[in-house]
């Protein structure tokens, strides 16, 4: 039997693969400069990512130039794309290559000062490369919003958009600054941060892997109808939302693990004996929690809500493709945000029905029906178009309908039908924003989108805007839950006596579950206008942070945390004492 297996080519290939993997593992164990190897791997992956991005931009520009040369593209639709993305993404790729080359100089035999300096220089060059590849491209793509001429006809919020640029720029540039500050910490602070970061990254990657496995199990049949590139896009787009979803529990468990480990080995007691107070020992942990909250805020500001809407649209498209394969028919390879939306223009007496709503409002609509009625409410004209596109940069702006049938009604309401492959309309006052803005889900909008919607609908009643206002405040409140989790985890993980850490772990899990219950309840009350949007978004963080501060006060006073059983008995004990005091009071003699 063994001889048969060894003769099998597949078995020999598996054996060689396992042997090669074992050799790589043995070599990895012999590597002493693991930090330098990790830095080079990260810089290599960063260079590869920017290279692929640059190549994709060049190919898109080539395809657009070919369409213009063949006369397929319309000059009103923008003509050739801007060269700004190609230039600055190419610059970012070159800078990332320089960062990778600098990372090759980081070796274990260097002095600590030189090694740390090279690491900071590498991260700084990589941060500038990422900023150069992203910022000019984003500004170029949304230059119309800065000028006040948004492609969908909306009135953009310049402050919200510039806030997004500032926040993401600060996050990118903070990486080398954080590394520099870490290297300048003293030994104790660096040890506390290291004990927190190691389990944090492990928990983060583990929970993301569990998320992906659960998603594959739940949506496996639907995702099987998509190509590999579509499935890969489905999960890559979800990365901001996945990170934002798992970092609170990862922060909580990492804080518990790091503090319990230091308490178990008496390292925490030794730091106190060295003259440091409990808040001073935990200060690096609180700063790390604030930095994690900054990362979550950068994701929540725009990327995470948009990724949720995009992934849901991918799932709906995949389900429709599966239905088409089972029942027959044709389906174009497109992703739509919603299907079937009505809009009424009472001023101009026009009604719109959009069969397929695009993810971006400035993209083409599909299956559009526009009805024009007269003063008596009778139909005057009807347009049924396969596609509808609003050209915002034309002078004046215009609608372009493709594959359209026009029904012209006479006085007897008898239609005269005309067919046009392409029809331009200049006298419609509607824009995509006016037609489709109310179809947007507030949970799929970031701060720019929510701000634009609230500014454009100020005259609506408070109940209809409650969901949008609550989500606006919740975008800022949700990431700061990480800092609240640190306030809870740090004191619960510290153990002075022989009592084990299971009590702290149990308390942390209960507080985490309570946080999610309170958050869901308060948000539901905010969405239904039963609670102020600001209070509904922030009340959970305030309550959890208050509990964390109380627990921290107990630890700072070198006191054991009260047990849950003791806390539950306290009201009954007070009631019993009051009853005993009243019954034991001496009675006054009656006066005769």
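Exactly one condition in (1) at pLDDT 85 or above; (2) more than 24 Å from the chain's Cα centre (by Cα) is not met by residue 126; state its number.
(2)
Check whether at least one residue in the stretch 428-438 is under 23 Å from the mean Cα position of the chain (by Cα), under 18 Å from residue 350 (Cα atoms) and surrounded by 11 or more Cβ atoms within 10 Å (Cβ to Cβ), and report yes or no. Even if it seems obvious, please write down each step before you answer.
Going residue by residue through the stretch 428-438, those that are under 23 Å from the mean Cα position of the chain (by Cα) are 437-438.
When the remaining residues are screened for being under 18 Å from residue 350 (Cα atoms), the result is 437-438.
Of the ones still in play, those that are also surrounded by 11 or more Cβ atoms within 10 Å (Cβ to Cβ) are 437-438.
Yes, the stretch 428-438 has at least one match.
In this structure, does residue 422 turn out to be at pLDDT 80 or above and part of a strand (DSSP E or B)?
Working: at pLDDT 80 or above: yes; part of a strand (DSSP E or B): yes.
Against the criterion (at pLDDT 80 or above and part of a strand (DSSP E or B)), residue 422 qualifies.
Which residue out of 231, 177 is in the same structural domain as residue 42 (by TED's automatic domain parsing), out of contact with any strand residue (DSSP E or B) (no Cβ under 8 Å at 6 or more places or on another chain), surrounded by 14 or more Cβ atoms within 10 Å (Cβ to Cβ) and without any contact (Cβ under 8 Å) to a residue 12 or more places away in the chain? Let's see the steps before the verdict.
On the way: 231 fails: in the same structural domain as residue 42 (by TED's automatic domain parsing).
The unique qualifying residue is 177.
With 469, 463, 422 as the choices, which residue is free of Cβ contacts under 8 Å to residues at least 60 places away in the same chain and either in contact with a strand residue (DSSP E or B) (Cβ under 6 Å, 6 or more places away or on another chain) or at negative phi (or both)? Please lay out each step first, then the result.
Details: 469 fails: free of Cβ contacts under 8 Å to residues at least 60 places away in the same chain; 463 fails: free of Cβ contacts under 8 Å to residues at least 60 places away in the same chain.
The unique qualifying residue is 422.
Restricting the search to the stretch 15-48, which residues are more than 25 Å from residue 107 (Cβ to Cβ) and modelled with pLDDT of 65 or more? Talk me through it step by step, then tell me what you get.
Taking the stretch 15-48 as the starting set, the residues that turn out to be more than 25 Å from residue 107 (Cβ to Cβ) are 15-22.
Of everything in the stretch 15-48, those that are more than 25 Å from residue 107 (Cβ to Cβ) and modelled with pLDDT of 65 or more turn out to be 16, 19.
Would the stretch 516-528 turn up any residue that is assigned by TED's automatic domain parsing to the domain that holds residue 491, in contact with a helix residue (DSSP H, G or I) (Cβ under 8 Å, 6 or more places away or on another chain) and outside any helix (DSSP H, G or I)? Break it down stepwise before answering.
To start, the set of residues in the stretch 516-528 that are assigned by TED's automatic domain parsing to the domain that holds residue 491 comprises 516-528.
Filter once more, keeping what is in contact with a helix residue (DSSP H, G or I) (Cβ under 8 Å, 6 or more places away or on another chain): 518-519, 522-523, 525-528.
Now restrict to residues that are outside any helix (DSSP H, G or I): 528.
Checking the stretch 516-528: at least one residue is assigned by TED's automatic domain parsing to the domain that holds residue 491, in contact with a helix residue (DSSP H, G or I) (Cβ under 8 Å, 6 or more places away or on another chain) and outside any helix (DSSP H, G or I).
Take the residues in the stretch 433-445 that are assigned to a loop (DSSP other than H, G, I, E, B) and under 18 Å from residue 340 (Cα atoms); name whichever of them is modelled with the lowest pLDDT.
Taking the candidates together, the pick is 440.
Among the residues of the stretch 189-228 satisfying the criterion of being out of contact with any helix residue (DSSP H, G or I) (no Cβ under 6 Å at 6 or more places or on another chain) and either outside any helix (DSSP H, G or I) or assigned by TED's automatic domain parsing to the domain that holds residue 494 (or both), which is surrounded by the most Cβ atoms within 10 Å (Cβ to Cβ)?
Result: 224.
Do we have residue 430 as under 18 Å from residue 343 (Cβ atoms), modelled with pLDDT of 80 or more and not in a helix (DSSP H, G or I) here?
On the way: under 18 Å from residue 343 (Cβ atoms): yes; modelled with pLDDT of 80 or more: yes; not in a helix (DSSP H, G or I): yes.
The answer is yes for residue 430.
Do you know which residues across the stretch 446-487 are closer than 19 Å to residue 529 by Cα, in a loop (DSSP other than H, G, I, E, B) and in contact with a helix residue (DSSP H, G or I) (Cβ under 7 Å, 6 or more places away or on another chain)?
Hit for the stretch 446-487 is 457, nothing else.
Inspect the stretch 165-180 for any residue being closer than 24 Å to residue 454 by Cα, part of a loop (DSSP other than H, G, I, E, B) and at pLDDT below 90 and give the result as yes or no. Outline the logic, then answer.
Let us first name the residues in the stretch 165-180 that are closer than 24 Å to residue 454 by Cα, namely 165-168.
Next, only the ones that are part of a loop (DSSP other than H, G, I, E, B) stay: none.
The answer is no, given that none of the residues of the stretch 165-180 is closer than 24 Å to residue 454 by Cα, part of a loop (DSSP other than H, G, I, E, B) and at pLDDT below 90.
Quickly run through the stretch 80-116 and pick out the residues that are more than 30 Å from residue 184 (Cβ to Cβ) and either not assigned by TED's automatic domain parsing to the domain that holds residue 59 or not in a helix (DSSP H, G or I) (or both).
Listed by number, the residues that qualify are 80, 81, 82, 83.
The values are calculated or read from the model by the stated rules, or taken from the named source; none is laboratory data. The structure presented is a predicted model; accordingly, all values stated were derived computationally and were not measured. Every residue, glycine as well, gets a Cβ built from its backbone with ideal geometry; the counts of neighbours run over all protein chains shown.
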